[in-house]
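Step one of this worksheet: look at the structure below.
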Amino acid sequence: MKTRPLPSIFLAAICLSFPACDQVEQFRGGGLQIEGEHGGIAEVAAHEIIHSESEHHAEAHGEGHAEEGHGEGEHAGGEHHPQHKVLVTSPVAKDVISTQRYVCQIHSRRHIEIRALEGGYLEQVPVKEGQFVQKGTLMFKILPILYQAKLDSDIAESQRAQIEYNNTEKLVQQNVVSSQELALARAKLAQAQAKVKLAQAELDFANVKAPFDGIMDRLHEQIGSLVEEGDILTTLSDNEVMWVYFNVPEARYLEYKAALDASPAHADIQVELILANHDKFPQHGEIGAIEADFNNETGNIAFRADFPNPNALLRHGQTGTVLINRLLRNAIVIPQRATFEILAKRYAYVVDAENVVHQREIVIQTEMDDIFVIKDGLHAGERIVLEGLRQVRDGDKVKYEFIDPSVVLSNLKHKAE
């Protein structure tokens, strides 16, 4: 008759029913024979029985220890919160300089097109491209043959009218003609003299002169060119003072406007210019004008800063970057690494008098290198967590080491957590 192995748990139950554990030893290293259903004998390895018994005792032992540990945890949680050692500092009120950068375009104070006032052939160009010219310097001379002839004719007519007037005046003195004849002669003379002035003005239009001191641009026409009235000959730039234009967001505009109104001398705002090669322009500027309207598409408004240009380094059409340095008096300053961000909002941990930390939302006024200028949420003298932000939670009681704010601000090149 064939035998079949009995389930391990059934064998374990039989083994536990023996009166003494030493009876189990007889099965170690050997086999246990049990009569089967049909009188057969089943041989089961003893180690299977011992293994089942061990698992049963381990489960019972583990449950006991789990219940014991749970009780201890409840006891510990009911008595106190875990304490953490963190570094703490304080916000400080001090004067700081806030700097904003804006891309800018540089323009000459006066930049005009020099155009031909009369048509004709270009006879002379006594100036060169890029030359500095003074006011009244002859720049272009258009062939004046027709204008000169007309002027000569009008001068001759004026001289004839002058002779007629002189003769009439003598006849009046001799009572040969009436005074009315003298008045007519005087009117003809005045008319002739006016024609001379007009002819002289037309001839002067052929001579194009510089209207102010400035730098000449490239030549649009060369000697011998036939130009029409209104043709562009060149451009002239007055670069003594440069106008630098840049766009400012509405929020910054309100801040700058308040600072400008509070300090008419603009003592709290300093304007600097960074050139395309990243060098700083040696001259400081000042806010010269603010446009009247906002751009509704961008939400910006144009500012103009005026920069003196004594060495003519700046030219019309250049680009650069304007730096607006604004003095913030008694601003609340904290290190950036003492804050953390949740859903686009900035927070800090504040330690109260009982050394319990509280999460508090803060409002940033200005972001600078490694520091935040606080607009709302913190006050000078409060204690905030500087390092260990990940070790504490809102409501935790902490042990801390206080670091003086002056020491913290002097060592700001530390990576934030």
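Of note, residue 377 does not satisfy the criterion of being farther than 30 Å from residue 268 by Cα and touching a strand residue (DSSP E or B) at 6+ places or on another chain (Cβ under 7 Å). Taken together, 153, 158 contain a single residue that is closer than 30 Å to residue 185 by Cβ, out of contact with any helix residue (DSSP H, G or I) (no Cβ under 6 Å at 6 or more places or on another chain) and among the polar types (S, T, N, Q), which is 153. In the set (1) at pLDDT 90 or above; (2) buried (at least 18 other Cβ atoms within 10 Å of the Cβ); (3) under 30 Å from residue 366 (Cβ atoms); (4) of a type in the set (A, V, I, L, M, F, W, C), the condition left unmet by residue 259 is number (1). Across the stretch 84-123, the number of residues qualifying as surrounded by 16 or more Cβ atoms within 10 Å (Cβ to Cβ), closer than 30 Å to residue 393 by Cβ and not aliphatic (A, V, I, L, M) comes to 4. Restricting 312, 305 to those that are of a type in the set (A, V, I, L, M), in contact (Cβ under 8 Å) with a residue 60 or more places away in the chain and on the phi < 0 side of the Ramachandran plot reduces the list to 305. When the residues of the stretch 262-304 are filtered to those that are charged (D, E, K, R) and outside any loop (DSSP other than H, G, I, E, B), the one that is surrounded by the most Cβ atoms within 10 Å (Cβ to Cβ) is 272. If you check 183, 190, 201 for being among the hydrophobic types (A, V, I, L, M, F, W, C) and either under 60 Å from the mean Cα position of the chain (by Cα) or assigned to a strand (DSSP E or B) (or both), only one passes: 201. Among the residues of the stretch 328-349, those identified as more than 20 Å from residue 406 (Cβ to Cβ) and either among the aliphatic types (A, V, I, L, M) or in contact with a Gly (Cβ under 6 Å, 6 or more places away or on another chain) (or both) are 342, 343, 344. Can you say whether residue 229 is in contact (Cβ under 8 Å) with a residue 12 or more places away in the chain, assigned to a loop (DSSP other than H, G, I, E, B) and over 15 Å from residue 290 (Cβ atoms), as far as the supplied structure shows? Yes, satisfied.
Looking at this structure, is residue 386 touching a Pro at 6+ places or on another chain (Cβ under 9 Å), assigned to a loop (DSSP other than H, G, I, E, B) and more than 30 Å from residue 283 (Cα to Cα)? For residue 386, the condition - touching a Pro at 6+ places or on another chain (Cβ under 9 Å), assigned to a loop (DSSP other than H, G, I, E, B) and more than 30 Å from residue 283 (Cα to Cα) - is not met. When 194, 183 are screened for being surrounded by fewer than 16 Cβ atoms within 10 Å (Cβ to Cβ), in the same structural domain as residue 148 (by TED's automatic domain parsing), hydrophobic (A, V, I, L, M, F, W, C) and closer than 23 Å to residue 146 by Cβ, only 194 passes.
A single entry from 377, 381 fulfils the requirement of being surrounded by fewer than 15 Cβ atoms within 10 Å (Cβ to Cβ), within 19 Å of residue 364 (Cα to Cα) and touching a residue at least 12 places away in the same chain (Cβ under 8 Å): 381. Candidates are the residues of the stretch 315-349 that are assigned to a strand (DSSP E or B) and free of Cβ contacts under 8 Å to residues at least 12 places away in the same chain; the one that is farthest from residue 411 (Cα to Cα) is 342. Close Cβ contacts (under 6 Å, 6 or more residues apart or on different chains) running from residues in the stretch 401-413 that are assigned to a loop (DSSP other than H, G, I, E, B) to residues that are surrounded by 10 or more Cβ atoms within 10 Å (Cβ to Cβ) comprise 403/87; 403/89; 412/370. Here the condition is being under 30 Å from residue 235 (Cα atoms) and at pLDDT below 90; of 181, 202, it holds for 202 alone. With respect to (1) assigned to a strand (DSSP E or B); (2) in contact with an Asp or Glu (Cβ under 7 Å, 6 or more places away or on another chain); (3) within 29 Å of residue 366 (Cβ to Cβ), the lone exception for residue 307 is condition (2). Take the residues in the stretch 206-223 that are among the hydrophobic types (A, V, I, L, M, F, W, C) and surrounded by fewer than 16 Cβ atoms within 10 Å (Cβ to Cβ), then tell me which one is nearest to the chain's Cα centre (by Cα). Taking the candidates together, the pick is 212.
Candidates in the stretch 228-240 are the residues that are surrounded by fewer than 17 Cβ atoms within 10 Å (Cβ to Cβ) and of a type outside the set (D, E, K, R); of these, the one that is modelled with the lowest pLDDT is 230. So, of the residues in the stretch 96-148 that are in contact with a Gly (Cβ under 9 Å, 6 or more places away or on another chain), of a type in the set (A, V, I, L, M, F, W, C) and not in a strand (DSSP E or B), which turns out to be modelled with the highest pLDDT? Ranking the candidates gives 116 first.
The values are calculated or read from the model by the stated rules, or taken from the named source; none is laboratory data. Computed from a predicted structure; not experimentally measured. FYI the Cβ positions are ideal-geometry reconstructions off the backbone, even for glycines, and counts take in every protein chain you see.
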